[in-house]
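The values are calculated or read from the model by the stated rules, or taken from the named source; none is laboratory data. Just so it is clear, the structure is predicted and the values come from calculations on it, not from any experiment. For neighbour counting, all protein chains shown are included, and Cβ atoms are generated from backbone atoms with ideal geometry for every residue, glycine included.
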Amino acid sequence: MEKLRYERPLIKRLEGHMPSKFGMRTDYTPKTHIDGVAVAELISQHGSPLFVISERQIRENMRRARKAFETRYPRVQFAWSYKTNYMDAVCSTFHQEGSWAEVVSGFEYQKALNNGVDGSKIIFNGPDKTDSDLDLAIGKNSLIHIDHLDELYTIQELAKKQGVTARVAIRVNMDTGIYPMWDRFGFNYENGQAWTAINKIMQSDAMELVGLHTHIGTFMLSPNAYATAAYKLAELARNVRLKYNHEVSYIDMGGGFASTNTLKGAYLPGSDVSPSINEFAEAITTALINSDFPQNKLPLLILETGRALIDDAAYLLGSVITNKRLSDGRRSTILDVGVNILFTSFWYDHKITPAQPFTQYTEDTVLYGPLCMNIDVVRENINLPLLNKGDQVVIHNVGAYNMTQWMQFITLRPKIVMIDLNHQVHVIRENETLQNLLELERVPDHLKKFDL
């Protein structure tokens, strides 16, 4: 007869689904399947840790967002934010759903071209566009969002050399009541920088002002801030029309919509406090419709939504390495998932659920990753059932930024798979190997030999 495992006594107050100072109680329902595919099977075939992306969820999110805006505004265009997740399979899914590409580097621009996106459907943002990047984007007739005056002058020079007119917009930063204000990027609305940039463009015969763009922040929880931004961009467009008799073709409201992840320190879960896509749509479209645009000349509304469309479409599967007691008596569990591949654990309390049945005995636990560094903490405090070595967990809502900001540090980066609409599993990125890293390294001849 197997000896029963000792479980330390724990006094726990019973609560009727009420929040404590740590927030709501943990959801103890095991996550055994993703889109009809068993978690255990995924790990068995592809290893642990493992990123899993749901194609079905991406398409559902995209269609829900389009419906939210298109039912409220006559002309809407989404552009997928490559920096949020630039796996080609993910980008191609959004492109199939009608999204253009929004990029912030020459690297991302090349990825969009390689994915088959026509240059005229690529929006080029960001402060670090090299001369060669700009030269290519001008030649491809892309929409270039100017971040600073040096870039403006470079575009003018390059366009003249090509003998073409560059299609440009300016990025505008502004006070929308959200602090700290994002004033690092673009031209300020309140102090006149934005209007100065517009005047310079309008006086040039090498550039055409086709749009106005803003991106007011990230993980925004206030739809009203977007309404304020939309009103201010509409006012700029009105002044352009009055002074130059020129109609701005589009207004780009950027991204930044919050997902349903829970921010660290939040009392309630993100699913309860994050505004819905309908709330953002109502605020933005109402502001534009109520602005002073001629009835038949409403500008195209462009949205660069990233996080809110991909976060809940991806999971990170991991396994338990061991359990330990800390010096203060707290239980700690070490996973094979670390902050090197779960960068967002620094600012989210990700929902984490076991992937197999368990007893109802639970305990407050610290979840650590496998890295030899003290900051490798996946969750600082989470109430979980007891997990044993080899047990598997599912980390939810990891689709945004983790697969673009991950690091090769101590361990190699894992495989990524996508589950299609027919429950078939496709490898969309292989796991790293030592050979991948060695291919980039060079050792001088005088360092190749040593005697220990």
Region 324-349 - residue that is outside any strand (DSSP E or B) and within 14 Å of residue 383 (Cβ to Cβ) and, of those, nearest to the chain's Cα centre (by Cα)
349
Of the numbered conditions (1) part of a strand (DSSP E or B); (2) touching a residue at least 40 places away in the same chain (Cβ under 8 Å); (3) more than 30 Å from residue 256 (Cβ to Cβ), residue 357 fails exactly one; give the number of that condition.
(1)
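Identify, from the list 260, 228, the residue that is part of a helix (DSSP H, G or I), within 21 Å of residue 277 (Cα to Cα) and either out of contact with any Lys or Arg (no Cβ under 8 Å at 6 or more places or on another chain) or not assigned by TED's automatic domain parsing to the domain that holds residue 176 (or both).
Details: 260 fails: part of a helix (DSSP H, G or I).
Among 260, 228, only 228 is part of a helix (DSSP H, G or I), within 21 Å of residue 277 (Cα to Cα) and either out of contact with any Lys or Arg (no Cβ under 8 Å at 6 or more places or on another chain) or not assigned by TED's automatic domain parsing to the domain that holds residue 176 (or both).
Return yes when residue 157 is touching a Gly at 6+ places or on another chain (Cβ under 9 Å) and part of a helix (DSSP H, G or I) and no when it is not.
no
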Yes or no: residue 254 assigned to a loop (DSSP other than H, G, I, E, B), out of contact with any Pro (no Cβ under 9 Å at 6 or more places or on another chain) and at pLDDT 95 or above?
yes
I'd like the residue in region 263-290 that is at pLDDT 95 or above and part of a loop (DSSP other than H, G, I, E, B) and, out of all such residues, is surrounded by the fewest Cβ atoms within 10 Å (Cβ to Cβ).
290
Residue check for residue 409: under 25 Å from residue 108 (Cβ atoms), surrounded by fewer than 21 Cβ atoms within 10 Å (Cβ to Cβ) and in contact with a Gly (Cβ under 9 Å, 6 or more places away or on another chain):
yes
Answer yes if at least one residue in region 333-344 is crowded, with 19+ Cβ neighbours inside 10 Å and in the same structural domain as residue 229 (by TED's automatic domain parsing), and no otherwise.
no
What pairs come up if the first residue lies in region 420-438 and is surrounded by 12 or more Cβ atoms within 10 Å (Cβ to Cβ), the second is modelled with pLDDT under 95, and their beta carbons are under 8 Å apart, counting only those six or more places apart or on different chains?
432/408
